[in-house]
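Have a look at the structure below, then the notes.
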Amino acid sequence: MAGGTNQACIFCEIVHNQTSTRLLHTDEKVIAFQDIKPSAQRHYLVIPKEHIPTVKDLQRRDEDYSLVKHMLSVGQDLLHKDAPQSIHRFGFHQPPFNSVDHLHLHCFALPFVPRWKSIKYKSLGPLGGFIEAETLLEKLRPLLSKV
Ligand SMILES: [Zn+2]
Ligand SMILES: [Zn+2]
């Protein structure tokens, strides 16, 4: 896992409180905030405090599995609180389809607004595209889990 902080990274700046972004959640491992260009009724991002560039930097091991699991549960809690009636979706862009090179979980309360925005969050199968959080977790789940 790539460690530490990346100087030129906008999400690292948010982590270090160098922007006016309002945080929806913060804990030891992650923070959450609203996407600056929301694509859905609610559109939040959950990011690790540590600068991990993309899903390609995650491996099948306890540390990465529990990080993604934690990101998902933070996103689920926020949407459950703010948009309990909506359908929720969670996932990641895989490079080269990611916009910012700092791992971020997209959390949506549907519908997409405007509707065509959904196209940005579609899986392209073997080409990559968007990967659902649950699918990523299956890929990261340790084969010989200690739990
Ligand atoms: Zn960063
Ligand atoms: Zn993204």
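A short reminder: the numbers here are calculations on the coordinates, not readings from a lab. A quick note: this is a predicted structure, and the numbers were derived from the prediction, not measured.
Taking amide H atoms as placed 1.01 Å from N in the peptide plane, the amide H of Arg42 lies under 5 Å from those of Ala109, each 5 or more residues away in sequence or on another chain.
First check a/c for the range 24-140, with a ≥ b ≥ c the square roots of the eigenvalues of its C-alpha gyration tensor; if it is under 1.5, answer rounded, and if not, answer prolate when a/b is larger than b/c or oblate otherwise.
oblate
Computed from phi, the 3J(HN,Hα) profile of the range 63-69 under the Karplus parametrisation 6.51, -1.76, 1.60 (θ = phi - 60°) reads 4, 6, 4, 5, 4, 5, 4 Hz, with x in place of Gly and Pro. Comparing Gly129, Gly75, Gly91 in a Gaussian network model of the chain (Cα springs below 10 Å), the most mobile by mean-square fluctuation is Gly129. Comparing Lys117, Lys69, Lys81 in a Gaussian network model of the chain where C-alpha atoms under 10 Å apart are linked, the largest mean-square fluctuation is found at Lys81.
Under a 5 Å amide H cut-off, with hydrogens placed 1.01 Å from N, Ile31 pairs with Ile47, Lys49 among residues at least 5 apart or on other chains.
State whether the range 104-147 is rounded, prolate or oblate according to the following rule on the C-alpha gyration tensor (a ≥ b ≥ c being the square roots of its eigenvalues): a/c under 1.5 gives rounded; otherwise a/b larger than b/c gives prolate, and the remaining case gives oblate.
oblate
Classification of the range 1-85 by its C-alpha gyration tensor yields an oblate form. The axis ratio a/c (a ≥ b ≥ c) is 1.5 or more, and b/c is at least a/b.
Computed over the chain, relative contact order equals 27 percent, with contacts defined as Cα pairs under 8 Å that lie 6+ residues apart. Helical runs assigned H by DSSP (4 residues or longer) give the chain a calculated mean residue ellipticity at 222 nm of -7500 deg cm²/dmol, each run adding -39500 (n - 2.57) before division by the residue total.
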